[in-house]
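Novice: Sharing a structure below in structure tokens format, with a few things to ask.
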């Protein structure tokens, strides 16, 4: 059996990630963000780049089930961890209840912040199956929406929780 | 169909009236009367592209990645004003992976907005374009621009509006920095002021608001030697095509512009950008696809803004009426060649008998203005609607009652022409009921804590939104019975795909889910810019006519297939129905094989000698903490008269979003520019404060929902702009009601509220 070296780098190294349940290996430099890795190396462009400095939440993905800003998360720090993106939360063509609720409540306008908003609420529902409207607000307080779809985003989050329980 | 003929039309865009020509064929349809139950129109429908949006599969310009694609990054001026004497790009070009560098000394001439090159000799604001690099990665391109040596001769600059108006300011234009942009007079203002019972005179200011669309401006260009294909995040694919034609001098057949999904457009994505031309030039020079997408910082330096204004308003009142109005406005247009008119609402909203307004554009070395959702009207409404409340207070009359005496008239006071419909008085009635206006007390009421005061305020809204020609649509029946609607518009997030599908389905007699909508591509029929609240009112009527044409042709074909007289056939719920039989559309299509029915429709001109406007009123319920100056907006009631509502779900979203953006303008959004350096100090989303979910109050949305049947064949008007217009003034009026303090500068930050509270205290 080949043994992994204890120290790798400082140049680009191969990093093993679990992305949406699939094992992938990507060659990344030490400062490569998880966002750029997802978008440019893996072609998962559902996750959006808006500020690229942790201000807006558009790049939110889940790492080991917790929402993170992927623009300020290093890809090398995700070795061996489970990364979930907007592309991975519907199964066999069935939308996740949060996705379905976003459609029904028109919880978007241009849709650019939508993947991040959805992922923040997906993480919330895993931690709290019966969130209040205030809980949903807290969950997306780091997700900016310039079109101002907030009212419907909160409604969709509350409705999705009810739907998921039913 | 009849012969094609040319008809004159008058259309409104961003507060200005334009004459245009319309090519029409046959006859227009009449809009259904009020109260008519239609199968699709008027019903809340979730977006037909919702699944794409929530799964991340919707492809935005940022997401386009082509084989061999290079990344372009623009070098921008660090100086507010300087002459570019020399550019040395040798070190940048020597970097492995750098393919090309263009600047004013080597780039081909490419006309842009009246100038013959995109790289000026004199750069005129921090962020002005100096050079561009194409490299294998964006990171490499960023590293390369740092290696370009530019010899600048730094020149004196001025960035602040009021400093640029001063005598001793650096002169940026031959005729000075202050340029008259519009004026209007009626009646005898001087006489009216002399005979007034009450006069108020006040100065208002609004700060520069940055668009901050979440998808930054950007383009991906591909040149295959024959056709230039450009993907662009734009509100007007045809506008970008025209801009590229002018810059590159290619025939239109060699330029294709595509915008599938786009991440927010509030006015600044109206046409070609320098980044699009950079991407196109570099693609043509390198033979590789080139992506040029702005960073957030660049977005806030060089992609436009709502200009700061300084406004003075003087009002006279007598016998419970407003008898005279003077409104003068100066806007910081940066290097923009155009200015929105903040006196527009003053000129048109009420039947003021004596009026004198003037608007000036002030040139500075700050980033240029571009249209921002109701440009001018947001800023101007803040001033005039605040001033009316100040006069009402002085006259001791209810501010809503004072407005009622001047609003809701049958004719447009600016043109003297009759309105096609004006239901602003209904907006007042509905809004007053929803907010509980009858409990409003002069001097406000106690708030929820000992340090808070509570108050109510309101303000009115006027805007165009009538749309007009040219706009085209086609409707194809495929051989399997599916239907494709093509229109030259683009969906900038407002739900255009969905409402057009509803209109098409309604006219065809099929389910909305069976219409595929193809938009955002210059290979389709022409359509106008998605701005000025004109998309639905321009394109929707053309879609209806295209669907009607397709239906008529399809029924004629069905008559042949079914061997039944045409007069006995109609389409109902996806079936061709005759007396005894119901045949699915697909069965008939199958028999027709690839004999294709193609319906087409174009927008007819607007009715002559009328004025088409949208109206509305917002009511605000606020609390103010008098110790900290913080404003807590508890509730906004937004009532709009925009004709027939095609989709109540997406219409309500538009209003909620407009109110949220308006609250940013009212309370928190403000570009800060260092006067000495000319640099934007908050060019990011941390220090530039757009509203978050925590800032959103309860928003009650109501529509008058009466079709404007004279306006067009749908009776529908636009809704993009109206909901952002009156909110800030309604909040300012509520703050004044709550505290007695008048805040005359938006955004109404805590510091400005505390200052106004101190002034009110000193004055009482």
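Please treat every number below as a calculation from the coordinates, not as lab data. Since this is a predicted model, take the numbers as computed values, not measurements. Every residue, glycine among them, receives a Cβ derived from its backbone with ideal geometry; neighbour counts consider all protein chains shown.
Novice: If R0 is 56 Å, what FRET efficiency do you get for residue B:94 and residue B:23 from their C-beta distance, rounded to 0.05? Display every interim value, and only then the final one.
Specialist: Details: r = 55 Å, r/R0 = 0.99.
The computed FRET efficiency comes out at 0.50.
Novice: Also: Please work out the C-alpha center-to-center distance from the stretch B:1-71 to the stretch B:342-389 and express it in whole Å.
Specialist: Measuring centre to centre over Cα atoms gives 29 Å.
Novice: Please find the FRET efficiency linking residue A:16 to residue B:434, where r is the Cβ-Cβ separation and R0 is fixed at 60 Å, and quote it to the nearest 0.05.
Specialist: About 0.55, to the nearest 0.05.
Novice: Sort B:494-500, A:114-120 by packing, meaning the average of other beta carbons within 10 Å per residue, with the highest value first. Walk me through the intermediate numbers first.
Specialist: Details: B:494-500: 26.4, A:114-120: 29.4.
Averaged packing, sorted descending, gives the order A:114-120, B:494-500.
Novice: Run the numbers on the stretch B:7-152 and let me know its relative contact order in percent, using alpha-carbon pairs under 8 Å that are six or more apart.
Specialist: Numbers: 202 pairs, mean separation 38.7, N = 146.
Worked out over the stretch B:7-152, it gives 27 percent.
Novice: When only C-alpha pairs under 8 Å and at least 6 residues apart count, what is the relative contact order of chain B, in percent? Can you show the working numbers first?
Specialist: Working: 2046 pairs, mean separation 129.4, N = 764.
Answer for chain B is 17 percent.
Novice: Hey, how many Å between the Cα centroid of the stretch B:589-609 and the Cα centroid of the stretch B:676-728?
Specialist: 34 Å
Novice: So, in nm, how far is label residue B:414 from label residue B:449 when the simple model puts each one 7 Å beyond its Cα toward the Cβ?
Specialist: 4.4 nm
Novice: Turning to a different aspect of this structure: Report the extension gain between residue B:681 and residue B:6 in nm, rounded to one decimal, defined as 0.36 nm multiplied by the number of residues separating them, less their alpha carbon distance. All intermediate terms of the calculation are to be shown ahead of the outcome.
Specialist: Numbers: separation 675, 0.36 × 675 = 243.00 nm, distance 5.20 nm.
Once the chain is fully extended between residue B:681 and residue B:6, it gains 237.8 nm.
Novice: OK, next. Separation of the stretch A:53-118 and the stretch B:642-657 by C-alpha centroid, Å?
Specialist: Computed from Cα coordinates, the inter-centre distance equals 28 Å.
Novice: If you don't mind, another one. Relative contact order for the stretch A:59-111 using alpha-carbon pairs under 8 Å, separation at least 6, rounded to a whole percent? Display every interim value, and only then the final one.
Specialist: Working: 36 pairs, mean separation 14.3, N = 53.
That works out to 27 percent.
Novice: Which percent, nearest 5, of DSSP beta bridges in chain B are antiparallel?
Specialist: Working: 112 of 141 bridges.
Bridges in chain B are about 80 percent antiparallel.
Novice: Now, a different point. Going by a ≥ b ≥ c, the root eigenvalues of the Cα gyration tensor, does the protein assembly as shown fall in the rounded group (a/c under 1.5), the prolate group (a/b larger than b/c) or the oblate group?
Specialist: Working: a/c = 1.36, a/b = 1.08, b/c = 1.25.
Taking the square roots of the gyration eigenvalues as a ≥ b ≥ c, the protein assembly as shown is rounded.
Novice: Here is a follow-up. Say each of residue B:698 and residue B:561 gets a label point 7 Å from the Cα, pointing the same way as Cα to Cβ; how far apart are those two points in nm?
Specialist: 5.4 nm
Novice: Moving on. Of the peptides B:445-452, B:380-387, B:623-630, how do they stack up when ordered by the mean number of other Cβ atoms within 10 Å, highest first?
Specialist: Numbers: B:445-452: 13.0, B:380-387: 29.5, B:623-630: 19.4.
Highest to lowest by the protection proxy: B:380-387, B:623-630, B:445-452.
Novice: Same structure again: Using only C-alpha atoms and all pairs of different ones, pull out the Kirkwood radius for the stretch B:407-524 in Å with one decimal.
Specialist: Details: mean 1/r = 0.0519 Å⁻¹.
Value: 19.3 Å, from the Cα pair sum.
Novice: Taking a quarter of the surface of the Cα convex hull of the stretch B:79-191, what do you get in nm²? Numbers along the way, then the final one.
Specialist: Numbers: hull surface 42.9 nm².
One quarter of the hull surface, i.e. the mean projection, equals 10.7 nm².
Novice: If R₀ is 51 angstrom, what is the calculated FRET efficiency for the pair residue B:394 and residue B:173, using the beta carbon separation as r and rounding to 0.05?
Specialist: Values: r = 40 Å, r/R0 = 0.78.
For R0 = 51 Å, the calculated efficiency reads 0.80.
Novice: Sticking with this one: Just counting partner chain Cβ atoms within 10 Å, what average do the residues of peptide B:292-300 show around their Cβ? Walk me through the intermediate numbers first.
Specialist: Numbers: counts 0, 1, 0, 4, 7, 3, 0, 2, 0.
Per residue, the average neighbour count from other chains is 2.
Novice: What is the pair-distance distribution P(r) of the stretch A:1-141, computed from all Cα-Cα distances in 5 Å bins starting at 0, with each bin given as a whole percent?
Specialist: Pairs per bin, as whole percents: 2, 10, 19, 22, 19, 13, 8, 5, 2, 1, 0.
Novice: Rounded, prolate or oblate: which one fits chain B, using the alpha carbon gyration tensor with axes a ≥ b ≥ c (rounded when a/c is under 1.5, else prolate when a/b beats b/c, else oblate)? If you can, show how the numbers build up before the last one.
Specialist: On the way: a/c = 1.89, a/b = 1.10, b/c = 1.72.
Oblate, because a/c is 1.5 or more while a/b does not exceed b/c.
Novice: Moving to a separate point now. What angle, in degrees between 0 and 90 and rounded to the nearest 10, separates the Cα long axis of helix A:150-165 from the longest principal axis of the Cα atoms of chain A?
Specialist: Helix A:150-165 sits roughly 80 degrees off the main axis of chain A.
Novice: Kindly provide the helix-only [θ] at 222 nm of the protein assembly as shown, computed as the sum of -39,500 (n - 2.57) over DSSP H runs of four or more divided by all residues, to the nearest 500 deg cm²/dmol? Intermediate values should be presented prior to the final figure.
Specialist: Working: 22 runs with 240 residues, N = 930.
That calculation yields -8000 deg cm²/dmol at 222 nm.
Novice: Report the label-to-label distance for residue B:593 and residue B:572 in nanometres (one decimal), using points 7 Å from each Cα along the Cα→Cβ vector.
Specialist: 3.2 nm
Novice: I've got another one for you. Please give the length that would be gained between residue B:65 and residue B:758 if that part of the chain were fully extended, namely 0.36 nm times their separation in residues minus their C-alpha to C-alpha distance (nm, one decimal). Don't skip to the end; give the middle numbers.
Specialist: Working: separation 693, 0.36 × 693 = 249.48 nm, distance 5.67 nm.
Gain on stretching residue B:65 to residue B:758: 243.8 nm.
Novice: What ranking do B:725-731, B:255-261, A:89-95, B:231-237 get when scored by the average of other Cβ atoms within 10 Å per residue, highest first?
Specialist: Details: B:725-731: 31.9, B:255-261: 22.7, A:89-95: 12.1, B:231-237: 30.0.
Highest to lowest by the protection proxy: B:725-731, B:231-237, B:255-261, A:89-95.
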